[in-house]
1. Given labels modelled 7 Å from the Cα in the Cβ direction, how far is it in nm from residue 71 to residue 7?
2. I want to check the label-to-label distance for residue 32 and residue 100. Put each point 7 Å from Cα in the C-beta direction and report it in nm to one decimal.
3. Could you give the size of the charge dipole of the chain about its Cα centre, using +1 on the Cβ of each K and R and -1 on the Cβ of each D and E, expressed in debye and rounded to the nearest 20?
4. Determine, from the Cβ-Cβ distance of residue 115 and residue 47 and an R0 of 22 Å, the FRET efficiency 1/(1 + (r/R0)^6), rounded to the nearest 0.05.
5. Assuming 1.306 mPa s and 10 °C, estimate D for the chain with Stokes-Einstein, Rh taken as the Kirkwood radius over Cα pairs, in µm²/s.
6. Return the percentage of antiparallel bridges among DSSP beta bridges fully within the chain, rounded to the nearest 5 %.
7. With the calculation restricted to Cα positions, what are the radius of gyration and Dmax of the range 55-107 in angstrom?
8. If you keep only loop residues by DSSP, which trypsin sites (Lys or Arg not before Pro) in the range 1-61 have at most 13 other Cβ atoms within 10 Å of their Cβ?
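Read-outs throughout are calculated quantities, based only on the coordinates presented, and are distinct from any laboratory measurement. Keep in mind that this is a model prediction, so the values were computed, not measured. Cβ sites come from the backbone with ideal geometry, for glycine too, and all protein chains shown count toward neighbours.
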Amino acid sequence: QVQLVESGGGLVQPGGSLRLSCAASGSIFRISGMAWYRQAPGKQREWVATITNNGVTAYANSVKGRFTISRDNARNPVSLQMDSPKPEDTAVYYCKAATTDEDYWGQGTQVTVSS
């Protein structure tokens with residue numbers, strides 16, 4: 001199994017910046033890719049960004065050019081740099097680890113974009 005814990009959420013002003021991190025433990029050698037998702041109040045969880053073990057990235061159109069997903073190290077396998085956030089980016093952000101058997105999720109971290 002893989003355990004994930006997100007951190008770095010909080011209150012940020014529109015146009016500011018925030019960096020989310022995801023710490024992993026357990027069978028981290030099984031991870032083939034990492035992703036960030038988010039869920040706003042009253043909405044379904046939506047995909048934000050993905051990074052593979054080879055470093056290939058993909059982004060939702062709503063965050064492309066503003067957010068950057070990157071890999072750090074084995075114990076902190078993924079981060080999300082949020083630049084120029086907008087109020088509509090307010091949500092609980094989750095990291096997800098993909099393995100050949102199943103996906104694992106963290107508990108989420110709240111991001112609120114407001115002046």
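1. Here the answer is 2.2 nm between the modelled labels.
2. A separation of 0.8 nm, rounded to one decimal place.
3. Its charge dipole is roughly 140 debye.
4. That pair, residue 115 with residue 47, gives E of 0.20.
5. Translational D for this selection: 114 µm²/s.
6. 95
7. Computed over the Cα atoms of the range 55-107, radius of gyration and Dmax are 12.5, 36 Å.
8. 43
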